[in-house]
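Here's the structure, in structure tokens; my notes come after.
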Amino acid sequence: TTTTKKKRTQTKKIEKSSFYYFSHFLFISFFKQMKGITVSAFLVVVCVVAALAASSSRVEGGAPFWVGMAVLHLHPHNVTLFELGSKAEVLQILTHVSLKNDPTEHVIVDAFRCLPFGTFCTFLTTNKEETKSWLYNVTVSKTAGESHLHRVTQLNGKAVNLHANRITGAATTILQRPDSVKAIDVFEDEIIELVDITSYVGKTGKIRPGYSTQCSNDNNVWVYIADDDKMESSVIVHMDLNERSIVDISKVLDAKMISMWSYCNNASKKNSLAGTTLLNNGSVMAYGAISQKGHFVTTTWGYKPSNMTMTPLLTMPIGFDYMFSIYPPGTTPGSDGPHNGQLVFGNYHGGTSGSASFTYIDVSFYLVGAGRIN
């Protein structure tokens, strides 16, 4: 859960990340023996406060713990989780995970989440046909040798959006099948159907990576359903997963979203939507709020480099309110060719137009996802 922060202005700068440790990836075995451990005690709702305090104490002195996920160049089935620094430098390798469920199995950009103040991160994969997906649960720790794969759960359908419920520890996703589209929770191996949004997707609606966002303070989820032919037909479905109901249907009238984000105010319980998009025929990258009337209100913008394209990745880093990424067109995790891109950092301005610039950091790896533990 994030809270709206005070307006801050950042000066545009370009920095190079130190990625010395990433060269060691090829020399570390991807086939270490992994032993699962239970987190059931942490997940009992009655013990939430005590569990959060205990898990928080394991993060060194409460220091920020930002976990990144990448896939090696030319090795699409080898996933690496690592600790990220505030300037996107790799501080240490946490663990490696091999994808073995299907020859065409691959990771999904932005479908990576970590449980706030918890002990695990999750990510999704799918096959080429998008008929099956897999949810990975990985125990993470700053202590060397303690991070490892805990569990893999198969989902029969396409799942490309992911959230972590900080109260129950369940993973929340949108499961898309030929005859249904539903919000579900995955708790260990149990799949719990929550809300059916099939009728809002219809025959032309698209739910892509990055098209959903969540507020854990009240377990609300928003899903952007895009109509590529008629932008005015695109809708946002707001769901209350506690009540298993649809709260509201709204529109985004003047922008096609690339990725969604929510600002969750725990005190007032008034949440607001935001996200990334391209403006001016794709020449301008923008982050902004979505007004109650369905308009995109730009808070920060910058010209998109002509040799780059925006990805669905949108997350909360260290020292900024949000971060997204840009990479050369056609570059995917584990693909051929260099993975040189940029991570783009910015701050939210409370839904009003701002003049702050983005902050750019060059990276030489494809960041699939990133999540804050603390």
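The values are calculated or read from the model by the stated rules, or taken from the named source; none is laboratory data. All values derive from a computational prediction rather than experimental measurement. Here the Cβ positions follow ideal geometry from the backbone for every residue, glycine too, while neighbour counts run over all protein chains shown. For the accessible areas, the whole protein counts, side chains as well, though only heavy atoms, and no ligand, DNA or RNA atoms are used. Shrake-Rupley method; radii C 1.70, N 1.55, O 1.52, S 1.80 Å.
Short version: ³J(HN,Hα) in whole Hz for each residue of region 338-347, in order, from phi by Karplus 6.51 cos²θ - 1.76 cosθ + 1.60 (θ = phi - 60°), x for Gly and Pro, what are they?
Karplus-based 3J(HN,Hα) across region 338-347 equals x, 9, 7, x, 9, 9, 10, 10, x, 10 Hz.
Along each of the three principal axes of the Cα atoms of region 139-221, give the extent in whole Å, ordering the values from largest to smallest.
48, 28, 22
Apply the Karplus curve 6.51 cos²θ - 1.76 cosθ + 1.60, θ = phi - 60°, to the phi angles in region 212-224 and return the couplings in whole Hz, x for Gly and Pro.
Whole-Hz 3J(HN,Hα) from phi for region 212-224: 9, 8, 9, 10, 6, 4, 10, 6, 9, 10, 10, 10, 8.
Along the Cα→Cβ direction, 7 angstrom out, place labels at N266 and K100. What is the inter-label distance in nm?
About 4.0 nm, to one decimal.
How much of the accessible area of region 123-249, probe 1.4 Å, is carbon plus sulfur, in whole percent?
Details: 2330 of 5240 Å².
Within region 123-249, the accessible surface is 44 percent carbon and sulfur.
Taking 0.36 nm per intervening residue step and subtracting the Cα-Cα distance, what contour gain separates K128 from E232 on full extension? Numbers along the way, then the final one.
Working: separation 104, 0.36 × 104 = 37.44 nm, distance 3.01 nm.
Roughly 34.4 nm would be gained on extension.
Output needed for region 250-369: three equivalent-ellipsoid semi-axes, defined as square roots of 5 times the C-alpha gyration tensor eigenvalues, in descending order, whole Å. Spell out each step's value before the answer.
Working: eigenvalues 129, 50, 33 Å².
The answer is 25, 16, 13 Å, longest axis first.
Pulled fully out, how much extra length does the chain show between A144 and L253, if you take 0.36 nm times their separation in residues and subtract their Cα-Cα distance?
Values: separation 109, 0.36 × 109 = 39.24 nm, distance 4.88 nm.
Stretched fully, the A144-L253 segment lengthens by 34.4 nm.
Please list the equivalent ellipsoid semi-axes of region 61-210, computed as the square roots of five times the alpha-carbon gyration tensor eigenvalues, in descending order and whole angstrom.
On the way: eigenvalues 150, 61, 37 Å².
Whole-Å semi-axes of the equivalent ellipsoid: 27, 18, 14.
Quick check: residue separation of N281 and S199 times 0.36 nm, minus the Cα distance between them. What number comes out in nm?
Details: separation 82, 0.36 × 82 = 29.52 nm, distance 3.08 nm.
The N281-S199 span can extend by a further 26.4 nm.
Give the carbon-plus-sulfur fraction of the accessible surface of region 255-321 in %, rounded to a whole number; probe 1.4 Å, heavy atoms of protein chains only. Present the calculation step by step, with values, prior to reporting the outcome.
Working: 1490 of 2840 Å².
That share works out to 53 percent.
Can you tell me the accessible area per residue over region 227-298, all protein chains present, probe 1.4 angstrom, in square angstrom?
Details: 3580 Å² over 72 residues.
Normalised by residue count, the accessible surface of region 227-298 is 50 Å².
How many nm separate the modelled label positions at K293 and I246, each set 7 Å beyond the Cα in the direction of the Cβ?
2.5
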